[in-house]
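The values are calculated or read from the model by the stated rules, or taken from the named source; none is laboratory data. Quantities reported herein were computed from a predicted structural model and do not represent experimental measurements. FYI the Cβ positions are ideal-geometry reconstructions off the backbone, even for glycines, and counts take in every protein chain you see. In case anyone asks, the SASA skips ligands and DNA or RNA and just uses the protein heavy atoms, side chains included. Shrake-Rupley method; radii C 1.70, N 1.55, O 1.52, S 1.80 Å.
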Amino acid sequence: MGQSSQPSADYQALLDAYTAPADRLLVEKLPDKAVRCLACAHRCTLSPGQRGICRLRFNQDGELRVPYGYLAGLAVDPVEKKPFFHVLPGRSSLSFGMLGCNFRCDFCQNWQSSQALRDHDACTGLTPNTPEQVLALAQKNGLPALISTYNEPLITSDWALALFEEAHAAGIKCGFVSNGFATPELLSRLLPFMDMFKVDLKCFTAEGYRKLGGRLAPVLDTITRLAASDVWLEVVTLIVPGFNDDEKELSAIAAFLASLSPDIPWHITGFRPQYRYQDADATSADVLTRAWNIGRDEGLHFVYTGNTGLCRQAREHTLCPGCGILLIERQGFFVVRNRLHQGRCPDCSTSIPGLWH
Ligand code: SF4
C-alpha cells in the first residue's frame, strides 16, 4: 500500500471553505468540544483542530464541519453504468460526486476525486452548487434518478441528504454507489430518502480490508441491513488478480449474499492496471467466467460480468430464474431488448425483483 503525500495548504483551504455543520444525527457531541463523527464506521473522535481519517470532515472549535455546497463531478449516465441492472433499465441518471474517501485502495478507479487531501496528486477542482440546482437540473431534463458516486458518498452524505430529501419527495429515485463502510446511524438517517444502494464488497477477508484502510465486518453489516430494508441493493466485486481472485474467497462472497437473498444481483467486474496497482495483470476472461459460475453455483439468481472487453457473451443479460429465458439483453451499459412485462417474465410470469418503473 502506497503512502499519501501531503496536499497543498491552498487546496485544503479551498475545500474547507466549502463545508457546513454536520447533520445533527450524524455527529455526537463529547466533552471538551470533542465530537464523534457517525458518517462511517471509522467513527472518528476529533478534538478541536483535528481531521477525520477521510481528511474532509474536521472539528472546528467544537463543530464538526463537513463537505457542502459544491460538486466535483456531474454527468448523465446510463443507470446500468453505476452499475444498477435492476433499476429503470435503459434510463439515464444524473450522477454527481464530491471529494474524498474513507478508504485508500491502490486500485481505485476514481482516485483523483476520492483521494483529495490524502494524495498530493489528487487535486480535482470543484464547482459551487446547491441541492436545489441539482434537483432542478434533473427535473428539467426529465432524469428519473440521482446517484451519488465518484467519491465515497458516505463521507459527503450530509449534502446528499439535503438533495435526496427533496428529490425523493418529488418522485426521483435516489441512490449511493458506496463501499458500504457505513454505520447503523447513517443508514437510519438516509434510507428513508433513498431507493437504491450499490455496495462494493471488495473482498472477504479481514486482511484484505486492512490493506484498503477499512474493516470487513461493518461492510457485511451494511449489506445485511440493506438486504432487510426496502431499499434496492446490488453488490459489486472488482476482481483484482492477486488480491481477491481466490476461488474460495469468491465462493464465500457469493454464499454470503445468497444467504441474505438469492435475488441480490452480484456484479463481478474486471480490473485493469491503474493508480498504484500497476504491476498486476488485467482480470482474464477465464477468471470472470469462473466467478460467474461460482455465483450461480452458490444459488444467486442474477450474476453479471462487467469490464469484460470482447468476452461478454451472455453474462451481462438478465435471465428468468423461473424458466431461464432471456429477459433483458444488454451490450455493455446499453439495453438492447427488455422483455419484462410489469416486472414479470412474459413467458412464465415469474416476478423479477427490482425497481422497474
Ligand atoms: S466520515 Fe468516517 S473517516 Fe471521515 S471523519 Fe467521519 S468517521 Fe472519520
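Search segment 30-44 for residues being without any contact (Cβ under 8 Å) to a residue 40 or more places away in the chain and assigned to a loop (DSSP other than H, G, I, E, B), and hand back the single one that is nearest to the ligand (Cβ to nearest atom).
Cys44
Evaluate segment 47-57: report whether one residue or more is within 8 Å of the ligand (Cβ to nearest atom), hydrophobic (A, V, I, L, M, F, W, C), in contact with a helix residue (DSSP H, G or I) (Cβ under 8 Å, 6 or more places away or on another chain) and not assigned by TED's automatic domain parsing to the domain that holds Pro131.
yes
Return the residues of segment 138-166 that are within 18 Å of the chain's Cα centre (by Cα), away from the ligand (no atom under 16 Å from the Cβ) and among the charged types (D, E, K, R); say none if nothing qualifies.
The answer is none; no residue qualifies.
Would you check which residues across segment 173-185 are touching a helix residue (DSSP H, G or I) at 6+ places or on another chain (Cβ under 6 Å) and at negative phi and list them?
Within segment 173-185, Cys174, Phe176, Ser178, Phe181, Ala182 qualify.
Give the residue that is surrounded by the fewest Cβ atoms within 10 Å (Cβ to Cβ), with candidates limited to residues of segment 249-283 that are farther than 29 Å from Leu226 by Cα and in contact with a Cys (Cβ under 9 Å, 6 or more places away or on another chain).
If we take residues in segment 249-283 being farther than 29 Å from Leu226 by Cα and in contact with a Cys (Cβ under 9 Å, 6 or more places away or on another chain), then Gln274 is surrounded by the fewest Cβ atoms within 10 Å (Cβ to Cβ).
Would you call Arg104 within 16 Å of the ligand (Cβ to nearest atom), part of a loop (DSSP other than H, G, I, E, B) and basic (Lys, Arg)?
Taking the combined requirement at face value, the residue satisfies it.
Any residue that is buried (at least 17 other Cβ atoms within 10 Å of the Cβ), away from the ligand (no atom under 16 Å from the Cβ), at pLDDT below 95 and not in a helix (DSSP H, G or I) - is there at least one of those in segment 87-95?
no
Report yes if Gly69 is open to solvent by less than 30 Å² (accessible area, probe 1.4 Å), in contact (Cβ under 8 Å) with a residue 40 or more places away in the chain and either under 30 Å from Leu137 (Cα atoms) or among the small types (Gly, Ala, Ser) (or both), otherwise no.
So Gly69 passes the test.
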